[in-house]
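S.K.: Submitted below is the structure of interest, expressed as structure tokens.
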Amino acid sequence: MRFGFSTAGESHGPAGVVLVHGVPAGLGLVARDVNRDLARRQRGYGRGGRQKIEKDEVEFLGGVRHGYTLGSPVAMLIRNDDYANWRDRMSPEPPQEAPKPITLPRPGHADLAGMQKYAFDDLRNVLERSSARETAARVAAGGVAKKLLAEFGVRIESAVYRIGAVAYPKERAALDAQKADESEVRCPDPEISERMKAEIDAARHARDALGGEFVVIAEGCPPGLGSYVDWRDKLDARLAAAVMSVNAIKGVEFGMGFELAARRSSEVQDEILPGEDHPARASNRLGGLEGGMTNGEPVVVAAAMKPISTIAKALRTVDLSTGEPARAFKERADSCAVPAAAVISESMVAVVLAEAFLEKFGADNMTDIRAAYDHYVRRIGAGEPR
Ligand code: EPS
């Protein structure tokens, strides 16, 4: 089966679960490999009270033995510690007394269309699954993908370059992304980070929330992941879909992104120069992707996140139990989750790259994949086998 994953679990239910399939046998994998990113996802200035309750860690339920994958699905469990406080409202078994339904859909959330689509009269049935809590399970899947890619020298990082009106140059954020973990907003510049934090404070005091922009960089990808042959195989399309699937993401761009549209061709292509052992590039304006394939330059994906839709300054809605005008439902929420979205998007990028990597080099076991990879990089002169 090709590499990929499915998740299950509700935000205040007992746990999140992820099943990662298509993982080759013989990959070294321990809980620590995955838990590091789970902790990075939980950080970020502007998070609400929930992250103080949770300490996300995985428990392997299948697919790993004595620190190595078996080629069977890797199943991981992440418990929701908050479930203890929600047992009555979220128990899988019928409760003694049904909780009062929530009927005030929030503009911008999945609430209204979700209730219409699934014939619910309680929007908790929608919000529990549409909540970004689900992304913890995605990050666990991303941890497996990152571990696989790291065996071949692929490193994935991210940096935030906008929170609300406070911005930093995207190119500089991408260059210094390795410093982003030191910042509470994942911006590599300490002074801009402080301004971003002040921006978040101001929004919170106004009972509002903020979005922003971030960039994910994958270095060390060999050329030729993805393909130009069929539209479904084009890697930029697959990466865009994966990043767009992260809650509240409204736009994705590569390299110089939408700015490319305003320039002349000669100003935007990455010229090919003779290199030591293989052709080199004079620039990376296209973000490491040409013709739906990696070209050996760092893959640079940026995304715009809209502000979170659960806000204290509740917006106008309709009470679905009466049809009367009302104010939207308000529950504890984050005031900014852009730093978390950057980490989640690293995971989604890793999953797509791992899938494309295994398409190119085989998928059964690490020994055969390594042999295919070594042969390929030798043939195209893209450096020494790792
Ligand atoms: C979310 C609402 C908040 C966030 C949550 C996403 O949860 P709660 O309602 O429990 O306070 O903290 O994100 C997470 C729980 C998480 O782990 O990222 C929402 O409505 O989407």
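Any read-out appearing in this document is the output of simple, stated calculations on the displayed coordinates, not a laboratory observation. Quick caveat: nothing in here was measured; it's all calculated off a predicted structure. Reconstructed Cβ throughout: ideal geometry from the backbone, glycine too, with neighbour counts over all protein chains shown.
S.K.: Name the residue, out of Ala371, Ala113, Ala262, whose mean-square fluctuation peaks in a Gaussian network model built on the chain with Cα pairs under 10 Å.
M.R.: Ala262
S.K.: Translational D (Stokes-Einstein, µm²/s) of segment 151-307 at 20 °C and 1.002 mPa s when Rh comes from the Kirkwood sum over C-alpha pairs?
M.R.: 128 µm²/s
S.K.: For Pro279, what charge total do you get from the other residues with a beta carbon under 12 Å from its beta carbon, if Lys and Arg give +1 and Asp and Glu give -1?
M.R.: In short, -4.
S.K.: Just need log10 I(q)/I(0) for segment 230-299 at q = 0.20, 0.22 Å⁻¹, Debye formula, equal scatterers on the alpha-carbon atoms, no solvent, rounded to two decimals.
M.R.: -0.91, -1.03
S.K.: Still on this structure, I have one more. Can you put His21, His109 in order of Cβ neighbours within 10 angstrom, beginning with the fewest?
M.R.: His21, His109
S.K.: Here's a follow-up. Cα atoms only: what Rg and Dmax, in Å, come out for segment 282-359?
M.R.: When restricted to Cα atoms, segment 282-359 yields Rg and Dmax of 20.2, 63 Å.
S.K.: Could you give log10 I(q)/I(0) at q = 0.14, 0.30 Å⁻¹ for segment 35-82, computed by the Debye formula over C-alpha point scatterers of equal weight, without solvent?
M.R.: The computed values of log10 I(q)/I(0) come out as -0.46, -1.12.
S.K.: Expressed as cubic angstrom per residue, what is the convex hull volume of the alpha carbon set of segment 241-280?
M.R.: Working: hull volume 4.2 nm³, N = 40.
Spelled out: Cα convex hull of segment 241-280, divided by residues, is 104 Å³.
S.K.: Divide, for segment 326-386, the radius of gyration over alpha carbons by 2.2 N^0.38 Å, where N is the residue count.
M.R.: Values: Rg = 20.4 Å, N = 61, 2.2 N^0.38 = 10.5 Å.
Its radius of gyration relative to the 2.2 N^0.38 Å reference: 1.94.
S.K.: Angle between the Cα long axis of helix 338-361 and the longest principal axis of the chain, 0 to 90 degrees, nearest 10?
M.R.: Helix 338-361 sits at roughly 40 degrees to that axis.
S.K.: Another question about this same structure. Taking the inverse of the average 1/r across all pairs of different Cα atoms in segment 216-365, what Kirkwood radius in Å do you get?
M.R.: 17.9 Å
S.K.: Once both axes come from the Cα atoms, what is the angle between helix 190-205 and the longest principal axis of the chain, in degrees from 0 to 90, rounded to 10?
M.R.: 20 degrees
S.K.: Based on a Kirkwood Rh over C-alpha pairs, give the Stokes-Einstein translational diffusion coefficient of segment 175-265 at 25 °C and viscosity 0.890 mPa s in µm²/s.
M.R.: After rounding, the answer is 151 µm²/s.
S.K.: Run the Debye formula on the Cα coordinates of segment 166-217, all scatterers equal and no solvent, and tell me log10 I(q)/I(0) at q = 0.15, 0.20, 0.21 1/Å.
M.R.: Those come out to -0.40, -0.67, -0.73, one per q.
S.K.: Once you have the alpha carbon radius of gyration of the chain, what is it after dividing by 2.2 N^0.38 Å, with N set to its residue count?
M.R.: Computed over Cα atoms of the chain, the ratio equals 1.04.
S.K.: Using θ = phi - 60° and the Karplus curve 6.51 cos²θ - 1.76 cosθ + 1.60, what whole-Hz ³J(HN,Hα) does each residue of segment 256-266 get, with Gly and Pro shown as x?
M.R.: 5, x, 5, 5, 4, 5, 8, 9, 7, 4, 5
S.K.: Say we join alpha carbon atoms closer than 10 Å with springs in a Gaussian network model of the chain; which of Gly296, Gly48, Gly226 then has the biggest fluctuation?
M.R.: Gly48
S.K.: So, one more: When only alpha-carbon atoms count, how far does segment 2-60 stretch along each of its three principal axes, as whole angstroms with the largest first?
M.R.: That works out to 39, 22, 17 Å along the principal axes.
S.K.: What percent do you get for the relative contact order of the chain when only Cα pairs under 8 Å and 6+ apart count?
M.R.: Normalised by residue count, the contact order of the chain is 22 percent.
S.K.: Cα-based Rg of segment 1-104 per 2.2 N^0.38 Å, rounded to two decimals?
M.R.: 1.30
S.K.: Same structure, new question: Please work out whether segment 38-192 counts as rounded, prolate or oblate from its C-alpha gyration tensor, where a ≥ b ≥ c are the square roots of the eigenvalues and a/c under 1.5 means rounded, while otherwise a/b larger than b/c means prolate and anything else oblate?
M.R.: oblate
S.K.: For the chain, what does the helix formula give at 222 nm: sum of -39500 (n - 2.57) over DSSP H segments with n ≥ 4, over the residue count, nearest 500 deg cm²/dmol?
M.R.: Details: 12 runs with 130 residues, N = 386.
My calculation for the chain gives -10000 deg cm²/dmol from helical runs alone.
S.K.: Now for a separate question. If you rank Tyr161, Tyr228 by fewest surrounding Cβ atoms within 10 Å, what's the result? All intermediate terms of the calculation are to be shown ahead of the outcome.
M.R.: On the way: Tyr161 28, Tyr228 12.
Result, fewest neighbours first: Tyr228, Tyr161.
S.K.: Additional query: Hey, could you get me the Stokes-Einstein D for segment 106-180, Kirkwood radius over alpha-carbon pairs, 20 °C and 1.002 mPa s, rounded to whole µm² s⁻¹?
M.R.: Estimated via Stokes-Einstein, D reaches 135 µm²/s.
S.K.: Based on other C-beta atoms within 10 Å, arrange Asp111, Asp374 from fewest to most.
M.R.: Asp374, Asp111
S.K.: Next question, about the same structure. For the Cα atoms of the chain, what angle does the longest principal axis make with the long axis of helix 235-244, in degrees from 0 to 90, nearest 10?
M.R.: 20 degrees
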